[in-house]
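Read the figures in this text as sums done on the coordinates, not as results from a lab. Since the structure is predicted, the reported quantities are computational estimates derived from the model, not experimental observations. Cβ: placed from backbone, ideal geometry, glycine included. Neighbour counts: every protein chain shown.
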Amino acid sequence: MSETSQPVEDAGDNEKRPQFGTRLLTDDADVFKHNAWDHVQWDTDQEEAAQAAVQKNSTVKMSDDQRERFQSDAPKFWNSFYGIHDNGFFKDRHWLLTEFPELAPNEANDKTQPRSIFELGCGVGNTIFPILELSSETQLRVYGCDFSERAIEILRSQRQFDAKRCEVFVMDATEEQWKVPFEENSQDIIVMIFVLSAIEPSKMQRVLENCYRYLKPGGLLLFRDYGRYDLAQLRFKSGKCLEDNFYVRGDGTMVYFFTEQEIRDMFSKTGLKEEQLIVDRRLQVNRGRGLKMYRVWIQTKFRKPL
């Protein structure tokens, strides 16, 4: 894996696994018995080594001209990414229904309580398709948007795409006024999975404020993204840093690595109320090659007050 790698949260989760937080490594001799372990504690040496790696790879910052180019050409880089990988890069995120049971089918209330779910940064449908596949709700409406025209083209072309229950469109989520096919205060759930990290930090708060605007009172924002000192951050080479904790991958796409407090502050500032905020420190292993990979993700649930 290198700095060109995109989200690999599924890499160790292809086997059916229990909900986060329940698989604990109590004996180091068992480390290669499973693909992933939860609540992995870092010792002082590991924490200091991570800090040193980030300090080293972020000392040299890109110039203002370089930053402007990567930000203005972001659609081109993402279109190129999806053009290369088509729909074969990500695995469908069935783990989402374990971590976020709110997305699971709700047939019991189907006739009296229709649901509307909106995914920001839907890519080629790896979150949308499991929701559609597992739910027979006739009144379920799923929306998705992405920065990349190519991603939306691929999503619409898949056999799983159901135009009767799903509508997807191209949109830059950093725009002040979203152009969406639904009203404000209308979405039961908004989903953001490894999306906010791809946005320049100065525009992140605006995105979250629009999420608040379009959620129903009582609606839920489900979020998962990169945490500070994740393996992907530590492996960046010098010269790839745009600003602190914000980097450019080899393919031109950008990525930020969050702390727990940053997420709490940004979400709370919109008026959303915290229901869950987990720092997911996970040890993934490649059993075939005997490799250990320390991942850090942040998973949250924030609700719009009634």
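Given 5 Å bins starting at zero, what is the percent of C-alpha pairs of segment 32-303 in each, up to the one with the largest pair distance? Over segment 32-303, the share of Cα pairs per 5 Å bin runs 1, 5, 11, 16, 18, 18, 15, 9, 5, 2, 1, 0 percent.
Expressed as a whole number of Å, what is the distance separating the alpha-carbon centroids of segment 157-174 and segment 36-81? So the two Cα centres are separated by 30 Å.
Computed over the alpha carbons of segment 147-306, Rg followed by Dmax gives 17.3, 51 Å. Take every pair of alpha-carbon atoms less than 8 Å apart whose residues are at least six positions apart; their mean separation over the length of segment 32-303 yields a relative contact order of 24 percent.
Can you figure out the FRET efficiency of Glu167 with Ala49, using R₀ = 51 Å and their beta-carbon distance, to the nearest 0.05? The calculated FRET efficiency here is 0.65.
Annotation: extensible slack from Val60 through Thr259 equals 69.5 nm (criterion: 0.36 nm per residue apart, minus Cα-Cα distance). Expressed in units of 2.2 N^0.38 Å, where N is the residue count, the Cα radius of gyration of segment 171-231 is 1.18.
Once the chain from Lys292 to Ser268 is taken as fully extended at 0.36 nm per residue, the excess over their C-alpha distance is 5.1 nm.
Pairs exceeding 21 Å between alpha-carbon atoms, taken from Lys56/Lys203; Lys61/Lys237; Lys240/Lys269; Lys61/Lys203; Lys76/Lys301: Lys56/Lys203; Lys240/Lys269; Lys76/Lys301. Averaged over residues, the count of other Cβ atoms within 10 Å places the peptides 215-224, 152-161, 41-50 in the sequence 215-224, 152-161, 41-50, highest first.
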